[in-house]
Each structure stands twice: as structure tokens, then as C-alpha cells.
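I have placed the structure first, in the form of C-alpha cells, so that the comments after it can refer back to it.
Read-outs throughout are calculated quantities, based only on the coordinates presented, and are distinct from any laboratory measurement. For clarity, every value in this text was computed on a predicted model and none was experimentally measured. No Cβ is skipped: glycine too gets one built from the backbone with ideal geometry, and neighbour counts run over all protein chains shown.
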């Protein structure tokens, strides 16, 4: 068996519902978000898991917890899996940022790999720290199933790096709904995206909830 990396975006938060920027801001899951985490565990606990890695923020830890409890896996926390730090945009809406940080916002929209949110991280910086975690996982696990629980921007940048997509295009090439699963399998030809943005583990009432 080759190495199978499962990427799980955390469940619903108030910020994912409202669309406010939420990077290092340490919000928790909503009640529906917690139900999404449990639904993932119910569906995926039967896999033979080698390890679970997660961002240390509350929303990712809460998302990974049901699977860890069901399988006995110890959650391994890595700062490199945190969400992008949005600097002065944290906890602000897209509309507010567009109005009050217009020049930085336009630059970020145009080339997010190299232009950061005001006072925040660039996409390149996020990709760099996250890639170190992926390299650690590849070194420690040559085969089997490994779960990575992280965030929208971070997972998209990891996928770009693995699949040879320009990091500057992560926002307009890769969608990633809350509580969705993506699967990358490694074989002799390198990483292959086998599943992306899948939410088939969610019951209909959760899958139909709006959110970014």
C-alpha cells in the first residue's frame, strides 16, 4: 500500500458562516460543526489509520477529536498546519477589508502567493511551513493512511504544492468547503489527487448548510 494523505478541513464555525477572515483567531466549532466532525469519524473510523496530524487551533482539534477517540490515535499537533495569519484583517468581513484596506486587498486578490493581507502572511510563507509538516509525514510514514486536519487556505496551498499548481492560483483553482475531505495517494509517479472536496460523509441537513 502506498501513502494515502487524507486532508480534512475543520467543521463549521461562526466565521465560516459569516465569511469573516479567521486565521490565527482561535474560534471553536458551532454545534453543526461538531456534528460534522462526528459524522466524519463515524464514516472513516473503520480505516486503518497510521497517524493523525492537526493544526493546534480549537476548531481543528475539535474536528480531529472524534476520530482520535474512536480509533485510539494520538493527535499530533503542528503549528505549520495553522491557517494563514490575516493580520489586520482578522475577524473583519470581506466588505470591510475591501473598503478600508483597498490597495492591499486588490494586490492580495491579484497575487496572493506574494502579497500578504495587511500585516499578515503570504501564501508562500504558509506553503513553506506547511510543506515541512508534509515532508515530516512522508519521512515517518512510507505507506498507510494518514489524516491531516487543517484549514481552507493551508490545505489548498499544500495541494498546489503537491500537484504542481502555481501557489498564486490557490484561491481561484481549488474550492474547499467546510468539513470536506481530499485524498492524495503517493505511488511511483508521485502524488495523485484521488478525491477532492468530498462531503458524502455528512447527512443531508449538514451538507446543505451554507458557508465559505
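What percent antiparallel are the DSSP beta bridges of the chain, to the nearest 5?
Of the beta bridges lying entirely in the chain, close to 45 percent run antiparallel.
If packing is taken as the average number of other Cβ atoms within 10 Å across a peptide's residues, how do 88-94, 53-59 rank, most packed first?
Numbers: 88-94: 17.0, 53-59: 22.1.
Ranked by mean Cβ neighbours within 10 Å, highest first: 53-59, 88-94.
For the chain, the alpha-carbon radius of gyration amounts to 0.98 times the rule-of-thumb value 2.2 N^0.38 Å expected for a compact globular protein.
Kindly provide the helix-only [θ] at 222 nm of the chain, computed as the sum of -39,500 (n - 2.57) over DSSP H runs of four or more divided by all residues, to the nearest 500 deg cm²/dmol?
Details: 9 runs with 87 residues, N = 212.
Mean residue ellipticity, 222 nm, calculated: -12000 deg cm²/dmol.
Measuring between their Cα centroids, segment 33-81 and segment 130-194 lie 16 Å from each other. When peptides 197-203, 136-142, 117-123, 158-164 are ranked by their average number of other Cβ atoms within 10 Å per residue, the highest-first order is 117-123, 158-164, 197-203, 136-142.
Each label point was placed 7 Å from the Cα along the Cα-to-Cβ direction; for residue 171 and residue 2 their separation is 3.2 nm. With 5 Å bins beginning at zero, the pair-distance distribution over Cα atoms of segment 73-116 amounts to 5, 18, 24, 20, 10, 8, 6, 5, 3, 0 %. Across segment 1-40, the convex hull enclosing all Cα atoms gives 91 Å³ per residue.
For segment 99-138, how big is the tail of P(r) above 15 Å, as a whole percent of Cα pairs? Roughly 46 percent, rounded to a whole number. Where the alpha-carbon atoms of segment 23-94 are placed on the principal axes, they occupy 42, 26, 14 Å, in descending order.
Viscosity 0.692 mPa s, temperature 37 °C: Stokes-Einstein D of segment 75-147 from its Kirkwood Cα radius, in µm² per second?
Working: Rh = 13.9 Å.
D = 236 µm²/s.
For segment 153-212, how big is Rg over Rh, using alpha carbon atoms and the Kirkwood form of Rh?
1.02
Give me the percent of Cα-Cα pairs in segment 1-122 that sit more than 23 Å apart, rounded to a whole number.
On the way: 2993 of 7381 pairs.
Every Cα pair in segment 1-122 considered, those over 23 Å come to 41 percent.
Placing one equal scatterer on every Cα of segment 94-212 and applying the Debye formula, the log10 ratio I(q)/I(0) at q = 0.09, 0.16, 0.19 Å⁻¹ is -0.30, -0.88, -1.11. Once the chain from residue 42 to residue 195 is taken as fully extended at 0.36 nm per residue, the excess over their C-alpha distance is 53.2 nm.
Sort 49, 108, 114 so the one with the fewest other Cβ atoms within 10 Å of its own Cβ comes first. Could the numbers behind the result be given before it?
Values: 49 19, 108 23, 114 14.
Lowest count first: 114, 49, 108.
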